[in-house]
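Every number here is computed from the coordinates shown, using simple stated rules; none is lab data. In this text the structure is predicted, and so the values were computed from the model without any measurement. Positions of Cβ are backbone-derived with ideal geometry, glycine not excepted, and every protein chain shown enters the neighbour counts.
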Amino acid sequence: ARAAVAAASTGPGRTADGHPVALLVNVGTVEQARAAGAVESEGVGLFRTEFLFLDRRTAPTVEEQVASYTAVFEAFAGRRVVLRTLDAGADKPMPFVTLSEEPNPALGVRGLRTAQRSPEVLADQLTAVARAAEQTGADVRVMAPMVATPAEAVGFAALAREHGIGTVGVMVEVPAAALRARAVLAGVDFVSLGTNDLTQYAMAADREAGDLAELLDPWQPALLDLVASTGAAGEELGKPVGVCGEAASDPLLALVLVGLGVSSLSMAPGALPAVRHALGAHTREQCRELARLARAADDAAGAKEAVRAAAAPEV
Ligand code: PEP
Ligand code: MG
C-alpha cells in the first residue's frame, strides 16, 4: 500500500486502476506561468489572459500579446497550454470592449459576447496566439468564456480555425451550455467547466457575495447534475471534458468530478499533489460510486459528508 501511495504522489494523474486524468494548472500572468512551469503538471488547463487587457484605455497590440503568450508557452514547452480568450465584462470592465452602464453586468455583454461589438479584439488575440504558438514547442489550444449556445461554440471554433489554431474548445459556465452539452461539444474539440460561474448562474447567487457562500458551495447537488450532463456528453462523443474552476482543487470533489466523466482537472499549482494523491487511491468505478452518493444527497453538506465517509480515509 505504501508503494502505491508513493507512486500516486508524482507523475501524470491516474486513478488507482490506471485511468488517466490530466492534472493541469491555472495561470493568470507571465510570472505565475514561469513559477508554475517548474511544478510537476501536464500543462496549463486555464491561461487567463485578462492581465494584458485590464487597467488600460485601448487593447494591447498584437506584438505585445505575442511577447507575453510566447513567454507563457515557453514555460510549458512540450506540454499543453489551454489559453482562454478575453473574458471582459462583469467584474472585469474594459472600456474598449464592454458597455459602461449595464444594470446586471454578470448577465450582460461579457466574455465571448463582447466579440459581437468588438470583433477586432478577438481577431487580434487569435492572431497573436497563433503566432506565439508557432514560435514555441507547447501544444497550444484555445477556448472561449461565457458560451451559452451551440451556435456560439461553432462560430468561435470556425474563427479560431481560420486563424490556424488546431484544437478549439469552449468553457461550460452557463447552465444552458451544460444542459445542452452534447450539442455544444459536437461543434468543438473539448469543453472545460468553469465551476465558479456555473455555480453562480445555477444558484442565481453572485459569486462575490460573501453572504451567499452556502449557495455557492460547489458541492451543491444541482451543480453536480450540470457537471454530470456535461460529462455524459463527453463520454458519449469521446471528447474531453475538463474542470478549471475552484472545484477541481478539492481532492474529495475531484474524485466526484472524475466519477461524473471529467477527464482533466486544472487548479492552483499548490493543490496538485493532494488531488493526484486522492485519484491514485481510488479506481474509476469507485469515483463513479462517490458521484452517485453525492448526487443522491439533498444538499451540499450532505453530499460532502457522504463522499467523505465512503472515500479512502487518507483523502
Ligand atoms: C470559472 O468561472 O469557473 C472560471 C474558471 O473562470 P473565472 O473564474 O475566470 O470566471
Ligand atoms: Mg468564469
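Divide, for the stretch 205-248, the radius of gyration over alpha carbons by 2.2 N^0.38 Å, where N is the residue count.
My calculation over the Cα atoms of the stretch 205-248 gives 1.38.
Under the 0.36 nm per residue contour assumption, what length would be gained going from the current alpha-carbon distance of Ala268 and Ala151 to full extension?
Gain in length upon complete extension: 39.0 nm.
What percent antiparallel are the DSSP beta bridges of the stretch 77-185, to the nearest 5?
The antiparallel fraction comes to roughly 10 percent.
Between 0 and 90 degrees, rounded to the nearest ten: what's the tilt of helix 221-237 against the longest Cα principal axis of the chain?
Taking the Cα atoms of the chain, the angle to 221-237 is about 80 degrees.
When N counts the residues of the stretch 49-188, how does its alpha-carbon radius of gyration compare numerically with 2.2 N^0.38 Å, as a ratio?
Rounded to two decimals, the normalised Rg is 1.02.
Given all pairs of different Cα atoms, what value in angstroms does the Kirkwood hydrodynamic radius of the stretch 185-271 take?
So the Kirkwood estimate lands at 13.1 Å.
Full extension from Glu314 to Arg117: what is 0.36 nm times the residue separation minus their Cα-Cα distance, to one decimal in nm?
This chain segment gains 65.8 nm when fully extended.
In what order do Val256, Val66 fall by count of nearby beta-carbon atoms within 10 Å, going from fewest to most?
Val66, Val256
Test of understanding: ordering Leu255, Leu126 by Cβ neighbours within 10 Å, fewest first, what list do you get?
Leu126, Leu255
Placing one identical point scatterer on every Cα of the chain and ignoring solvent, what is log10 I(q)/I(0) from the Debye formula at q = 0.13 Å⁻¹?
Each listed q maps to, in turn, -0.91.
For the stretch 272-278, just list the computed ³J(HN,Hα) in residue order, Karplus coefficients 6.51, -1.76 and 1.60, θ = phi - 60°, integers in Hz, with x standing in for Gly and Pro.
So the Karplus estimates, Gly and Pro as x, are 4, x, 5, 5, 4, 5, 4 Hz.
Thr61 to Glu235: extension gain in nm, 0.36 nm per residue of separation minus the Cα-Cα distance?
58.7 nm
Plugging the Kirkwood radius over Cα pairs into Stokes-Einstein for the stretch 1-104, at a temperature of 25 °C and a viscosity of 0.890 mPa s, what D comes out in µm²/s?
Answer from the Stokes-Einstein relation: 154 µm²/s.
Between Asp298 and Val39, how high is the FRET efficiency from 1/(1 + (r/R0)^6) when r is the Cβ-Cβ distance and R₀ = 30 Å? Nearest 0.05.
Result of the calculation: an efficiency of 0.20.
When the scattering of the stretch 229-284 is computed by the Debye formula from its Cα atoms alone, each counted once and equally, what is log10 I(q)/I(0) at q = 0.16, 0.21, 0.23, 0.27 Å⁻¹?
Debye output, listed in q order: -0.44, -0.72, -0.84, -1.06.
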